[in-house]
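Some notes on the structure that comes next.
What follows is calculated from the coordinates using simple rules that are stated; it is not laboratory data. Just so you know, these numbers come straight off a predicted model, no measurement behind them. All Cβ positions, even for glycine, are placed from backbone atoms using ideal geometry, and neighbour counts span all protein chains on display.
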Amino acid sequence: MTDWKTKAQQQKEDYVNDLIALMKIPSVRDDSQATDEFPLGPKPAQALTIFLEMAQQDGFKTKNIDNVVGYAEWGEGDETLAILAHLDVMPAGNGWDTDPFNPVIKNGNIYGRGASDDKGPGMAAYYALKTLKDMDVKFNKKVRFIVGTDEESDWTGMKRYFEVEPAPTLGFSPDAEFPLINGEKGNVSMKLGFAGENKGSVSVRSFHSGLRPNMVPREAEAVIETDDPNQMKVAFTEFLAQKPITGEAVDTPDGVKLSVVGKAAHGMEPLKGENAGTYLANFLTQYDIQGDAGSFINLLGHYMHQDSRMHNFDLAFSDDVMGDLTMNVGMMDFDDQVGGQVDMNFRYPKGITPDDIQAKLNTVVTPLAVTITQGSFMVPHYVDTSDPLVTTLMGAYRDQTGDLDAQPEVVGGGTYGRMMERGVAFGALFAHTQDTMHQANEFQPIDDLLMAMAIYMQSINDLVTD
């Protein structure tokens, strides 16, 4: 029986070097630099090009599709096993102890944007496939290692792949956590629109928080016009002292500038973060802010603050298999000259629809002259635990870790696994490791990544030699 852990250890030096090369590329989608050649901006395309060059040098057949998605292929067969990873990353944001795009290794951990989501796990799965190829394992299925460049936004690349290439028979995405995720909640964003009128004795000149809908905002900033700035600064200092956040209040020519620093987290579970934007709004609810600005502050500070389960909207919902509906307030913007917008990102189980969600929101926001725009959505996804894909992957995980009690899970995150009818998410975060996806100081233990590589080696081997 092959010792997959030893095989993985033998790949360590080359794996880490290739991973660092990819992590140095700030492959954040940038629409401001989008062109016909680079629809998502140049950096995601650069990461795709470098990966495909690596794969070609390693002997794989490769293809770049419109600079938004590509694949490395090996093997033959009537069925296709797909491994779906992504090379784009979230914006770095602030709060890092090191340069997020100059990876460093400290105490056995690799730090940098993409270490955990998803360059580290993706490259572990790629090296597992590469090792099997180099071992001359006889594949009875075609394997395509497919890499997208827009997973953190609109899935532009992977959607394009499924438009122009045959659908895989089965597959997995190394873009989540172990042991295995066979169910993913639905995903939809609701954008609330506000006009910019201020009424009352206190005015909101500007309010900004958030980088992406699927990320709990770490920072927030507002400029407030008030007749008593000293009182506001004192009250804000007292507010901060009682909350799990930090911040400051300073005078500016336009009013008091209030800044908050909370804790970023993945939007699939807002309870793991501290939403700087809703905390700032919560502080401002004590003031006489009326009109559109008042609706903006009231909804954020009273209704949405610390209400990820939507009890304040009479929208709490749970399913026995998939769990709770959750909501993340990911982006909040208001300007007294142009109006405001709030982006609510929902992860919902089976049994409720985006239209149901919007109907409940309407009952609260329509009287406030607030508009709702429903974004595109993904329906809940589920693969039965008896499917051979699930049992084979779980068998490999149990064999390599010795965790015989592990069971498949359902989560709120969305991965490429849901693009396939028989698709799951599989690693690479272990339960014993802190989840730093979408956060400052993102890291992954190198030993964890090598263990994941061993699990992927056995998994792919078992799937293509059955």
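Taking the C-alpha atoms only, the angle from helix 119-134 to the longest principal axis of the chain is near 10 degrees. Counting only GluC sites (Glu not before Pro) that DSSP places in a loop and that have at most 15 other Cβ atoms within 10 Å, the longest clean stretch of the chain runs over 198-420. In summary, segment 314-466 shows an alpha-carbon radius of gyration equal to 1.35 times the 2.2 N^0.38 Å reference for compact globular proteins.
For segment 171-262, the alpha carbon positions stretch 61, 33, 19 Å along the principal axes, listed from largest to smallest. Dipole orientation for the chain: of the candidates Ser308, Gly148, Leu404, Leu404 has the Cα lying most toward the positive pole (charges on Cβ; Lys, Arg +1; Asp, Glu -1). Volume per residue for segment 187-377 equals 103 cubic angstrom (convex hull of Cα atoms). Note on Asp462 and Thr49: the model spin-label points, each 7 Å out from Cα along the C-beta direction, lie 4.0 nm apart. Computed from Cα atoms, the angle from the helix 446-464 axis to the main principal axis of the chain rounds to 50 degrees. Dipole of segment 179-305 computed with +1 at Lys/Arg Cβ and -1 at Asp/Glu Cβ about the Cα centre; of Gly186, Ser206, Ala264, farthest Cα towards the positive end is Gly186. One Cα centroid belongs to segment 402-453, the other to segment 143-170; the line between them spans 19 Å. How large, in Å, is the chain by the Kirkwood hydrodynamic radius built from its alpha-carbon pairs? In the chain this quantity evaluates to 23.2 Å. Charge dipole of segment 259-409 (Cα centre as origin; +1 on each Lys and Arg Cβ, -1 on each Asp and Glu Cβ, all else neutral): 120 debye, rounded to the nearest 20. If the Kirkwood radius is taken over C-alpha pairs of segment 41-177, then at 4 °C and 1.567 mPa s the Stokes-Einstein diffusion coefficient equals 83 µm²/s. In a reduced charge model with +1 at each Lys and Arg Cβ and -1 at each Asp and Glu Cβ, segment 100-144 shows a dipole moment near 200 debye about its Cα centre.
Axis angle, to the nearest 10 degrees, between helix 388-401 and the longest C-alpha principal axis of the chain: 90 degrees. Listed by chain and number, the lysines whose alpha-carbon sits under 30 Å from that of Lys141, ignoring those within fewer than 8 places in the same chain, are Lys5, Lys7, Lys12, Lys61, Lys63, Lys119, Lys130, Lys133, Lys159, Lys185. Farthest towards the positive end of the charge dipole of the chain, among the residues Gln46, Ile65, Leu132, is the Cα of Leu132, using unit charges on the Cβ of Lys, Arg, Asp and Glu. Note on the chain: with charges restricted to the Cβ of Lys and Arg (+1) and Asp and Glu (-1), its dipole about the Cα centre is near 440 debye.
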